[in-house]
């Protein structure tokens with residue numbers, strides 16, 4: 001199967017100091033996760049691309065976008081098939097194969113919620129109530145440590161929240177887990193029948209940070225070091241805060257990471 005490749009049109013090399021020099025290309029994996037990224041239109045768009053556009057223009061880089069399901073994006077990054085991905089929660093396991101760039105550009109103070117069919121008789125009031133239930137989880141995603149490490153939980157990997165809702169409606173799973181703030185927004189955009197779903201009482205409140213991350217090979221390159229330097233300068237100057245503002249995210253400076 002041929003993979004679709006997209007060239008981000010925001011980079012006008014003739015306007016950069018490096019015009020006429022040999023052009024380098026960086027590959028960026030983007031999953032469909034509205035409102036933060038959208039791969040359904042004629043050209044992928046989203047917050048990470050908004051951030052990389054001025055950096056790429058200054059360095060004279062072209063950005064090649066690889067649309068992919070979340071789990072596939074992570075796998076490609078781990079296998080050095082792409083250079084950069086965004087919106088990743090930093091975990092010790094992921095740090096073994098990826099390099100995370102700080103500060104995080106996404107800070108969500110939200111809950112991991114469990115959604116079920118309204119017509120079901122489920123009552124998930126305590127964590128222990130999750131045992132014995134089939135729970136749809138985004139393949140490759142990180143949640144909260146207790147849940148992720150619990151081998152007794154029946155986890156059914158899915159490629160997207162849309163698939164998770166479809167499986168729930170068909171009663172192939174009992175629950176699906178999602179970040180409440182993003183899941184609610186995504187379901188409204190994707191026109192899912194949210195009226196048929198309810199949020200269970202049990203939830204896990206957390207501060208969730210989404211990072212830009214590099215593949216292992218790319219992290220050791222001069223380009224990665226240049227991108228990191230410019231990215232951090234943008235954060236210090238408040239430019240990142242201006243870029244995340246349209247996405248209803250809090251300022252970059254001032255929040256702490258776990």
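The table below gives the values:
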item: Filtered residues of region 111-156 (kept if touching a helix residue (DSSP H, G or I) at 6+ places or on another chain (Cβ under 7 Å), surrounded by 13 or more Cβ atoms within 10 Å (Cβ to Cβ) and in a loop (DSSP other than H, G, I, E, B)); result: 124, 139, 140, 141, 142, 153
item: Residue in region 89-107 that is outside any strand (DSSP E or B), surrounded by fewer than 20 Cβ atoms within 10 Å (Cβ to Cβ), touching a helix residue (DSSP H, G or I) at 6+ places or on another chain (Cβ under 7 Å) and in contact (Cβ under 8 Å) with a residue 24 or more places away in the chain present; result: yes
item: Checking residue 179 against (1) closer than 24 Å to residue 50 by Cα; (2) in contact with a strand residue (DSSP E or B) (Cβ under 6 Å, 6 or more places away or on another chain); (3) surrounded by fewer than 17 Cβ atoms within 10 Å (Cβ to Cβ), the condition it does not meet; result: (3)
item: Within region 157-176, considering residues that are closer than 19 Å to residue 110 by Cβ and touching a helix residue (DSSP H, G or I) at 6+ places or on another chain (Cβ under 6 Å), the one surrounded by the fewest Cβ atoms within 10 Å (Cβ to Cβ); result: 176
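Residue-wise test of (1) in contact with a helix residue (DSSP H, G or I) (Cβ under 7 Å, 6 or more places away or on another chain); (2) at pLDDT 95 or above.
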{"site": "6", "(1), (2)": "no, no"}
{"site": "19", "(1), (2)": "yes, no"}
{"site": "36", "(1), (2)": "yes, no"}
{"site": "45", "(1), (2)": "no, no"}
{"site": "48", "(1), (2)": "no, yes"}
{"site": "53", "(1), (2)": "no, yes"}
{"site": "56", "(1), (2)": "no, yes"}
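The values are calculated or read from the model by the stated rules, or taken from the named source; none is laboratory data. Remember, it's a predicted structure, so these values are computed and weren't measured experimentally. Cβ: placed from backbone, ideal geometry, glycine included. Neighbour counts: every protein chain shown.
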